Amino acid sequence: MSIWWSLHLRRDAASVPLARRFLLGTMESAGVDPDVSFDLSLALSEACANAVEHGGEHDGTSDGTGKDRDAWEDPSATASGQYRVTAYLDGEKCRIEVADSGPGFSTRGGPHTSKRRSGNGLPDPQYASYPPVTAEEGRGLCLIEQLADHVHFGNRPGCAGAVVSFDKVLKWRKDALLMVS
């Protein structure tokens, strides 16, 4: 037995805890270990926060105030005002994908995939360099890499937008509904 769901969310800060609670509720109902649920919910929160902040197309038109207006600020905006979260839980792992319609990741070096190396528990060389200690932002991708077992950062094929997907091996409570048979 497996569970999967997909949410299409408005690029609004209020959507981040909504996605996190949906994931936590699903994992609680299925019987996933709370520590694994916490790691995945934190990684999802970081990916969603990035989609909200960076995931819209910037049309560069001015709104008359001298500052450029982003297309996602218009509540009637469609693709640029939304992002998608998809989660899949099966007997062995959970895969989560967050896709937006923003400018995507820099194509220098192509997409990045990290996998935990056996032995030290650390991922292969990181996608993003660590920000300075005094920086107020820029740690989200690094956190996702540390919380998940396998991470892929890339761009949506054929159209604008970033895709962050990550997997984690699941541990189950003894009373789990979805355990491997």
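Roughly how far apart, in whole Å, are the Cα centres of region 151-177 and region 10-56?
After rounding, the separation between the Cα centres reads 11 Å.
Quick check: at a probe of 1.4 Å, how many percent of the accessible area of region 1-60 sits on carbon and sulfur atoms?
Reported share for carbon and sulfur atoms: 57 percent.
Rank-order 157-165, 43-51 by packing density, defined as the average count of other C-beta atoms within 10 Å over each peptide's residues, highest first.
43-51, 157-165
Estimate the FRET efficiency between Trp4 and Thr134 by the formula 1/(1 + (r/R0)^6), using the beta-carbon distance for r and 25 Å for R0, to the nearest 0.05.
0.05
Place the peptides 97-104, 16-23 in order of packing, highest mean first, counting for every residue the other Cβ atoms within 10 Å and averaging per peptide.
Averaged packing, sorted descending, gives the order 97-104, 16-23.
The values are calculated or read from the model by the stated rules, or taken from the named source; none is laboratory data. A quick note: this is a predicted structure, and the numbers were derived from the prediction, not measured. Quick reminder, even Gly has a Cβ in these numbers, built from the backbone with ideal geometry, and neighbours come from all protein chains shown. Surface areas here come from the heavy atoms of the whole protein model, side chains and all, with no ligands, DNA or RNA. Shrake-Rupley method; radii C 1.70, N 1.55, O 1.52, S 1.80 Å.
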